[in-house]
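The values are calculated or read from the model by the stated rules, or taken from the named source; none is laboratory data. These numbers were taken from a predicted model, which means no experiment stands behind them. A quick note on method: Cβ atoms are made from the backbone with ideal geometry, for glycine too, and the neighbour counts reach across all protein chains shown. Areas reflect the complete protein model, heavy atoms only, side chains present, ligands, DNA and RNA absent. Shrake-Rupley method; radii C 1.70, N 1.55, O 1.52, S 1.80 Å.
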Amino acid sequence: MQFKYKLEGGDFTNAGNASSAVKKILRQLNVDSAIIKRIVVALYEAEVNIVAHAYSGIIDVNIDENKLYICLEDKGPGIPDIEKAMEEGYSTASSKVREMGFGAGMGLANIKRNADRFLISSETGKGTKVELFHNLKQNAE
Amino acid sequence: MNRENGRLWKNFPESLKRSYWNQVKKIREISEIIEGKVLCCQNMLDHNIEHAFASDLMSDVLTVEKSNLLLITGLANTQTIRTAEMSDISCIIFARNKKVGSEIVSLAEETGIIIMESSFSVFRISGELYKAGIKPVF
Ligand SMILES: Nc1ncnc2c1ncn2[C@@H]1O[C@H](COP(=O)(O)OP(=O)(O)OP(=O)(O)O)[C@@H](O)[C@H]1O
Ligand SMILES: [Mg+2]
């Protein structure tokens, strides 16, 4: 199964809609709730990052029987120093983003913690790509 | 188990009863303790809550691994509800009469998250619930 979602930078009204839709799908597939939580927390952090830091983005969700692959690609400023961005506490979030309850610089580290595998690449001035891999069955790691 | 009735239960020593009921609280009791006004999902009033967390920082809430959590917050926007949805938070208390808009209430209703308003501060709500036996996460 494949699903696609479009995101717009700054659109905090709709941020989280994609993660919510994916959560519903995974529930219907009877995926264990602890695994669902790991997936949707990682996905939501990445979705909010696009809304908070980029101009537009696309989420591509691929589900097969045992595995989930999610690719989030955005057009945006990119991340000049990924290693630094991964550090907890590092954030360039605007005051608008902070008012929404984000911008503590904890998101990327939390994505890494909640994904079975996590890849990030970025080109300054162009955009960022985040890839998440999850096993859908317990003990399948 | 019914809290007040039941012969067996009535004969239990008070200390045992207290230690049992100190571990969980129904959302209904929580709403009474904090003088909260329930805004949606009234059908969930009998759900039990064991743990609570207080924060205005959604980044922080998203790192909590416990499920079936109660969130006490002063931040009322739709992302508070989305954060709760992803984190398996079943109940949110908005402190200090934050304006909870209708789009927030309908999103909570749709996602099955019970929300309440209280005039108490985050500090007071946390204190009262801690005293009532609700456990902290960290
Ligand atoms: N998609 C993105 N495009 C551009 N920059 C990004 C993107 N994702 C993250 N960043 C950069 O990396 C920094 C750290 O991201 P991270 O998600 O860890 O924290 P945050 O989004 O600032 O705050 P939090 O996630 O705690 O709410 C951001 O402040 C931003 O500078
Ligand atoms: Mg982030």
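Listed values, structure above:
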quantity	calculated
Residues of region A:1-35 classified as outside any helix (DSSP H, G or I), of a type in the set (A, V, I, L, M), at the interface with chain B (Cβ under 9 Å from one of its Cβ atoms) and surrounded by fewer than 22 Cβ atoms within 10 Å (Cβ to Cβ), total	0
Enumeration of residues in region B:66-81 that are open to solvent by 10 Å² or more (accessible area, probe 1.4 Å) and either part of a helix (DSSP H, G or I) or more than 8 Å from chain A (Cβ to nearest Cβ) (or both)	B:Lys66, B:Asn68, B:Gly74, B:Ala76, B:Thr78
Failed item in (1) within 16 Å of ligand 2 (Cβ to nearest atom); (2) in contact with a Lys or Arg (Cβ under 6 Å, 6 or more places away or on another chain), with A:Asn66 passing the rest	(1)
Top-ranked residue of region B:45-61 - restricted to ones that are open to solvent by less than 20 Å² (accessible area, probe 1.4 Å) and under 11 Å from the mean Cα position of the chain (by Cα), ranked as farthest from ligand 1 (Cβ to nearest atom)	B:Ile49
Unmet requirement for A:Ile35, which otherwise passes all of (1) over 28 Å from B:Asn68 (Cα atoms); (2) away from ligand 1 (no atom under 15 Å from the Cβ); (3) within 16 Å of the chain's Cα centre (by Cα)	(1)
Residue satisfying all of: in region A:89-141; of a type in the set (S, T, N, Q) and closer than 26 Å to B:Leu75 by Cα; farthest from ligand 2 (Cβ to nearest atom) among these	A:Ser95
Options B:Ala84, B:Ala52; residue that is closer than 27 Å to A:Ala93 by Cβ, touching a strand residue (DSSP E or B) at 6+ places or on another chain (Cβ under 8 Å), within 14 Å of chain A (Cβ to nearest Cβ) and of a type outside the set (D, E, K, R)	B:Ala84
Residue match in region B:86-102 (condition: without any contact (Cβ under 8 Å) to a residue 24 or more places away in the chain, in a loop (DSSP other than H, G, I, E, B) and under 13 Å from the mean Cα position of the chain (by Cα))	yes
Residues of region A:90-100 satisfying the condition of being touching a helix residue (DSSP H, G or I) at 6+ places or on another chain (Cβ under 9 Å), more than 8 Å from ligand 1 (Cβ to nearest atom) and either more than 13 Å from chain B (Cβ to nearest Cβ) or open to solvent by less than 90 Å² (accessible area, probe 1.4 Å) (or both)	A:Ser94, A:Met100
Whichever residue in region A:38-58 is away from ligand 2 (no atom under 15 Å from the Cβ) and away from every other protein chain (no Cβ under 14 Å) and, among such residues, is nearest to the chain's Cα centre (by Cα)	A:Ile58
Search result, residues across region A:52-89 that are within 9 Å of ligand 1 (Cβ to nearest atom), touching a residue at least 40 places away in the same chain (Cβ under 8 Å) and among the hydrophobic types (A, V, I, L, M, F, W, C)	A:Ala52, A:Ala54, A:Leu72, A:Ile79, A:Ile82
Criterion (open to solvent by 40 Å² or more (accessible area, probe 1.4 Å), in contact with a Lys or Arg (Cβ under 8 Å, 6 or more places away or on another chain) and modelled with pLDDT of 95 or more) met by exactly one of B:Ser87, B:Ser119	B:Ser119
Close pairs (6 angstrom Cβ cut-off, 6 or more residues apart or separate chains): away from chain B (no Cβ under 14 Å) in region A:105-128, near ligand 1 (Cβ under 10 Å from one of its atoms) and basic (Lys, Arg) anywhere	A:Phe118/A:Lys112; A:Ser121/A:Lys129; A:Gly127/A:Lys75
Residues of region A:103-120 satisfying the condition of being under 15 Å from A:Tyr44 (Cβ atoms) and more than 9 Å from ligand 1 (Cβ to nearest atom)	A:Lys112, A:Arg113, A:Asn114, A:Ala115, A:Phe118
